[in-house]
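The values are calculated or read from the model by the stated rules, or taken from the named source; none is laboratory data. Because the structure is a prediction, the values reported are computed rather than measured. Cβ atoms come from the backbone with ideal geometry, glycine included; neighbour counts cover every protein chain shown.
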Amino acid sequence: MKHSVLIGGLLAGALAAGSAAASEPVRIGFLTDMTAAYSDIAGPGAEVAARMAVEDYGGEVLGRPVELLVEDTQLDGERSLSIGQRMHEEEGIVALAEMVGTQVALPLQQYAREHNLPALHVGSASSILTGSECSPTAVDWVYDTYALAGAVVPAMAEQGHESWYFVTVDYVFGDVLQADAEAMIEAVGGEVVGSTRHEFQATDLFAHLEEARDSGADVIAFANAGADLRNSIRQAYELGILGSDDQEVVALLATINDIQSVGMFAARDLIYLTSFYWNMDEQTREWSRRFEQRHGVLPSMLQAGSYSVIYNFLEAMDRAGTTDGETVMDALRTQPNEDFFARNSELRPDGRLQKDMYLVQVLSPQETEHRGDYLRVLQTIPGEDAVRPLEESECPHM
C-alpha cells in the first residue's frame, strides 16, 4: 500500500509539473525605443503591431500562451543588453525582437548568438548585422543600409545625377549607411564631393545644410533617421533646398511617419526607399486600417515589419515543435513567409529577408487624392536586386 501511495504521489507530481510546463507562457522580449528619437517610427506602434500578430495567430504557440514582454531601450546599448540578459535569465524569453538602433542591436545580437537565442531585427538598419556580425539565430526583416542605398543611387544615376554630398549622423549607423551609399556611387561612376557630420539628436542643422547646398552637388543625401531626419527636412525646406530645381534631395532612411510629422508641403519631392507603403493595394490597406484603429496613425514599415516577423516566428515555432533557437530558425528559413508585408520573400542563409522594396517620392499637397495619400511609387525593386549578393557577404556562419 505504501508503494502504491508513493507511486501515485509521484505520478500526480509529474502530471502537475507537466501541466505547469504546458501552461507556462512562451515569452518574447520586445525591446524598442519608447521615448527617444525613433519612438514614432517604432516604439508604441511597433508594440501594437506585435500584439496584433500574437492575437491574429491565436494567442498561443506549442499549446502554450504567448506573452510579449515590452521594454524601453531609450536607445542605450548598455541598458538594452542588461534588459535582454535579465529577460533571458529570469523570465525565460525564447527570442529578442525589434531592437531599433544599431547601438542597441549589436550587443543584443552578440548576447543572442552566445545563448542560441533568436534575434528578430526590425528597426536596426546596419548591414553588418547580416554581414561581419551575423548570427545563425538572427534575422533582419525590414531593411538594411545596403538596400536603402542600393536602389536610390542607381535611380539618381539614371537621371544624370552624378555628384553627391552627405549630411550624416555621427555614429555607427550613419557611418555604415554612408559607406554603403558611397560604394554604390563608385560602382555607377558617380562621385562624392563632400560630407558633413552632425551629432545624434541634433536640433540645429542649418550650417550643415548650407554646406551641402553650397557644394553644388547634384544630390544631397540625408544619412540619418527619426528626429534627425525630420529636422533635416524642415530646415532644408526653410533654406529653399527642398522644392527647388537646383538639387535633388534623398533620404536614405525615411518612413511615412516622417512625412506625416513634417507635412507634405515641406517634404514634397523627397525621394526614398521603403519596404512597405500602406496604400499599395487592398491587402496593405486592410491591415493598415486595423492598425490605425488601434494606434491612431498609419503604420511605418518598422511597425508593419514587427507584425510580420512576430507572426512568422510563431508559425516557425509550431512547425519546429520546439523553442530551441537554431531549430526554430531552420524552420523560419524553410517555411513560406509571404504576407502583406513580405512580398516575394526569401529568408537567406545570412539572415537577411529578401523581399520587394519600393522607390517612392513624396507627393505635393495638390497631388494627394485622400487622407494618407502621401507617396508616389516610382519603382518596385525586386528583392534580389535590393540586397547585397550572397557571394559578397562577409557573414562567417554561411
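Scanning region 218-235 for residues that are assigned to a loop (DSSP other than H, G, I, E, B) and over 25 Å from the mean Cα position of the chain (by Cα) yields a total of 1.
If you go through region 363-376 and keep only what is closer than 16 Å to L242 by Cα and surrounded by fewer than 18 Cβ atoms within 10 Å (Cβ to Cβ), you end up with S364, P365. Only one entry in Y111, Y143 is in contact (Cβ under 8 Å) with a residue 24 or more places away in the chain and part of a helix (DSSP H, G or I), namely Y111.
Under 26 Å from V297 (Cβ atoms), over 20 Å from the mean Cα position of the chain (by Cα) and assigned to a strand (DSSP E or B): which single residue out of L359, L353, L378 fits that description?
Only one candidate qualifies: L378.
If you go through region 236-266 and keep only what is in a helix (DSSP H, G or I), surrounded by fewer than 19 Cβ atoms within 10 Å (Cβ to Cβ) and more than 23 Å from the chain's Cα centre (by Cα), you end up with E238, F265. Looking across M99, M87, one residue alone is over 21 Å from F341 (Cα atoms) and among the hydrophobic types (A, V, I, L, M, F, W, C). It is M87. Taking first residues from region 262-275 that are more than 12 Å from I233 (Cα to Cα) and partners that are surrounded by fewer than 24 Cβ atoms within 10 Å (Cβ to Cβ) and of a type in the set (F, W, Y), the Cβ contacts under 6 Å between residues at least 6 apart in sequence or on separate chains come to T274/Y358.
Looking across region 287-339, the residues that are β-branched (V, I, T), more than 22 Å from A46 (Cβ to Cβ) and either in a helix (DSSP H, G or I) or in contact with a His (Cβ under 7 Å, 6 or more places away or on another chain) (or both) come down to T327, T334.
So is R343 in the same structural domain as L252 (by TED's automatic domain parsing) and outside any helix (DSSP H, G or I) or not? In short, no. Would you be able to say whether some residue in region 348-362 is surrounded by fewer than 19 Cβ atoms within 10 Å (Cβ to Cβ) and closer than 13 Å to V139 by Cβ? Taking every residue of region 348-362 in turn, at least one turns out to be surrounded by fewer than 19 Cβ atoms within 10 Å (Cβ to Cβ) and closer than 13 Å to V139 by Cβ. Restricted to region 162-217, and to residues that are within 23 Å of G131 (Cα to Cα) and among the aromatic types (F, W, Y), which residue is farthest from the chain's Cα centre (by Cα)? Result: Y171. With the structure loaded, tell me whether L120 is under 12 Å from the mean Cα position of the chain (by Cα), in a helix (DSSP H, G or I), in contact (Cβ under 8 Å) with a residue 60 or more places away in the chain and crowded, with 23+ Cβ neighbours inside 10 Å or whether it fails that test. Spelling it out, it is not the case that L120 is under 12 Å from the mean Cα position of the chain (by Cα), in a helix (DSSP H, G or I), in contact (Cβ under 8 Å) with a residue 60 or more places away in the chain and crowded, with 23+ Cβ neighbours inside 10 Å.
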